[in-house]
Amino acid sequence: TNGVGRLDCMTCEVTEERNGQYELELTIAETALHADQIEMDSIIVAKPNNSSNNQPFRVYKITKPIDGRFSVYAQHISYQLSYIPTMPFSVVADSTACASTLAGLKNNAAMTCPFTFWTNVTTVASYNQATPASIRSRLGGVEGSVLDQFGGEYEWDGYTVKLHNHRGKTAPTVSLVYGKNITDINQEENIESTVTGVCPYWVASDTGELAVLPEKVVQSSHAAEYPFGRTVVMDLSSEYETKPTAAQMRVDANAYLNATGRGIPAVSIKVSFIDLADTEEYAEVAALQNVDLCDYVTVIFDRLGIQTNAKVVKTKYNVLLEKYNEVEIGSIGKSLATTISDTNGAIETVLEKANFAVKSATAWLTGSNGYVIAVKNSDGTWKELIFADSNDPSMWHNLLRVNENGMGFSHNGGQTYSQA
């Protein structure tokens, strides 16, 4: 229903982050109609973005009036899941495990749960919950949660929780070009942290024998696109007790370059439409008003000849004007933070000498947002496994393929396998 009535706010903004914060903040005059009826746990309904239905937000904080106005803070109704515990249960790994897990969270709730759950995620993984916990914590944010096990992107629609494979769409008409339409907009171009090559070496601790590659440096596939090389050294001394072969050193160098994706600059852009309202830049980025959270936009590094996709990771929506105040865009799968340059500007060793393999492998494997796809024969038996960064073959970029002939790594969607 329309509830108590319409609030005549002075400002009203909804902030939503990908798989994160979803809150409303408004300011209203003390004398405004119905202002005196706003109280803790009241529900305010508002339009949160361009495409979603009106959403309910529950008030959790009201400030004291200053100059005849006060502020109200409210969280999306889905935060109520933080106060609904669910009891221990487990689900075996198969393509329906994610849907079964979401159903299990509701079916094993320790009290009435008014929420319904939907998903199109078919990641093959198991779920195991050993102790009682709140449903919201098991949806994401803790080890072994639904997000942790199956991946995906949440959409909160009233009392319905939707877990999408990919919530957003690709917006081909929206392109951001470094040096052009995002020259002076608040931006962070991490081109300085890109690596175009690795110089691996090994030193014997007892004799001091040195092993390097005949070609000295392993180059990334994007090396030629940069005006000068950005090569770092990699000490493999702690990884091999005896002198490694050139092939082993090349594998380690390529694994670092490919795993981190350092040949493409990271993207972190914050566009504030309020700040740009009366500037020429506003017209250049106005197309961003048509995107939604989790949509992909094209980011072009024209000078380098590199084009990549980046995802809308946070929006701030002006409820009264029905347009964005701010949009944040980030990389799809940011690489691990590593230090390239020291305070003197000299190139440092990127990886620690000790425990390189353990730390690197642990970080990448436990930080995965990928998908496991079982390819089956006509009789239903398993033919091979594909581990990819999307469950949509047309979106594959990085993937690992395993079958009776061996395993191979591809960085172009399976067209070629650079390591096998």
Looking only at segment 60-103, which residues are under 22 Å from residue 321 (Cβ atoms) and open to solvent by less than 40 Å² (accessible area, probe 1.4 Å)?
70, 71, 72, 74, 76
Need pairs with beta-carbon distance below 6 Å; first residue in contact (Cβ under 8 Å) with a residue 60 or more places away in the chain and under 12 Å from residue 319 (Cβ atoms) and within segment 30-53, second assigned to a loop (DSSP other than H, G, I, E, B) and open to solvent by 30 Å² or more (accessible area, probe 1.4 Å); sequence gap 6+ or separate chains.
47/54
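May I ask you to list the residues in segment 406-419 that are in contact with a strand residue (DSSP E or B) (Cβ under 9 Å, 6 or more places away or on another chain), open to solvent by 50 Å² or more (accessible area, probe 1.4 Å) and assigned to a loop (DSSP other than H, G, I, E, B)? Full working, then the answer.
First, the residues of segment 406-419 that are in contact with a strand residue (DSSP E or B) (Cβ under 9 Å, 6 or more places away or on another chain): 407-411, 413-414, 416-419.
Keeping just the survivors that are open to solvent by 50 Å² or more (accessible area, probe 1.4 Å) gives 407, 409, 411, 416-418.
If the condition is that a residue be in contact with a strand residue (DSSP E or B) (Cβ under 9 Å, 6 or more places away or on another chain), open to solvent by 50 Å² or more (accessible area, probe 1.4 Å) and assigned to a loop (DSSP other than H, G, I, E, B), then 411, 416, 417, 418 are the ones that fit.
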Selection within segment 36-58 - surrounded by fewer than 15 Cβ atoms within 10 Å (Cβ to Cβ) and either closer than 19 Å to residue 1 by Cβ or modelled with pLDDT of 95 or more (or both)
37, 39, 41, 43, 53, 54
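Every residue in segment 122-155 that is open to solvent by 20 Å² or more (accessible area, probe 1.4 Å) and of a type in the set (A, V, I, L, M, F, W, C), please.
Just the residues of segment 122-155 that are open to solvent by 20 Å² or more (accessible area, probe 1.4 Å), to begin with: 122, 124, 126, 128, 130-134, 136-138, 140-143, 147-149, 155.
Of everything in segment 122-155, those that are open to solvent by 20 Å² or more (accessible area, probe 1.4 Å) and of a type in the set (A, V, I, L, M, F, W, C) turn out to be 124, 130, 133, 142, 147.
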Given the residues 390, 394, 378, which is the only one that is open to solvent by 80 Å² or more (accessible area, probe 1.4 Å) and within 22 Å of residue 307 (Cα to Cα)?
394
Within segment 162-184, identify whether any single residue is outside any loop (DSSP other than H, G, I, E, B), under 30 Å from residue 121 (Cα atoms), of a type in the set (Lys, Arg) and modelled with pLDDT of 85 or more, and answer yes or no.
yes
Given the conditions (1) closer than 30 Å to residue 57 by Cβ; (2) at pLDDT 80 or above; (3) in a helix (DSSP H, G or I), report the number of the one that residue 285 does not fulfil.
(2)
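Yes or no: residue 126 modelled with pLDDT of 90 or more and in contact with a Ser or Thr (Cβ under 6 Å, 6 or more places away or on another chain)? First the steps, then the outcome.
Numbers: modelled with pLDDT of 90 or more: yes; in contact with a Ser or Thr (Cβ under 6 Å, 6 or more places away or on another chain): no.
Criteria not met by residue 126.
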Starting from segment 84-107, keep only residues that are of a type in the set (D, E, K, R), then list their pairs with residues that are open to solvent by less than 10 Å² (accessible area, probe 1.4 Å) whose Cβ atoms are within a distance under 7 Å, requiring at least 6 positions of separation or different chains.
106/115
Selection from segment 66-119 of residues assigned to a helix (DSSP H, G or I), among the hydroxyl-bearing types (Ser, Thr, Tyr) and within 22 Å of residue 372 (Cα to Cα) yields 100, 101
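Anything in segment 219-267 that is of a type in the set (Lys, Arg) and modelled with pLDDT of 85 or more? List them, or say none.
The first filter runs over segment 219-267 and keeps only residues of a type in the set (Lys, Arg), leaving 230, 243, 250, 262.
Across segment 219-267, the qualifying residues are 243, 250.
Scan 311, 323 and give me the residue that is modelled with pLDDT of 80 or more and over 20 Å from residue 47 (Cβ atoms).
Working: 323 fails: over 20 Å from residue 47 (Cβ atoms).
So the residue among 311, 323 that is modelled with pLDDT of 80 or more and over 20 Å from residue 47 (Cβ atoms) is 311.
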Can you name every residue in segment 383-405 that is under 19 Å from the mean Cα position of the chain (by Cα) and part of a loop (DSSP other than H, G, I, E, B)?
389, 390, 391, 392, 396, 397, 398
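Quick check: is even one residue across segment 62-74 within 25 Å of residue 140 (Cβ to Cβ) and hydroxyl-bearing (Ser, Thr, Tyr)?
Initially, segment 62-74 is screened for residues within 25 Å of residue 140 (Cβ to Cβ), giving 73-74.
Adding the requirement that they be hydroxyl-bearing (Ser, Thr, Tyr) leaves 73.
Checked against the condition, which is being within 25 Å of residue 140 (Cβ to Cβ) and hydroxyl-bearing (Ser, Thr, Tyr), segment 62-74 yields at least one hit.
The values are calculated or read from the model by the stated rules, or taken from the named source; none is laboratory data. Just so it is clear, the structure is predicted and the values come from calculations on it, not from any experiment. Don't worry about glycine lacking a Cβ; one is built from the backbone with ideal geometry, like all the others, and counts go over all protein chains shown. These area figures cover heavy atoms from the full protein model, side chains too; ligands, DNA and RNA do not enter into them. Shrake-Rupley method; radii C 1.70, N 1.55, O 1.52, S 1.80 Å.
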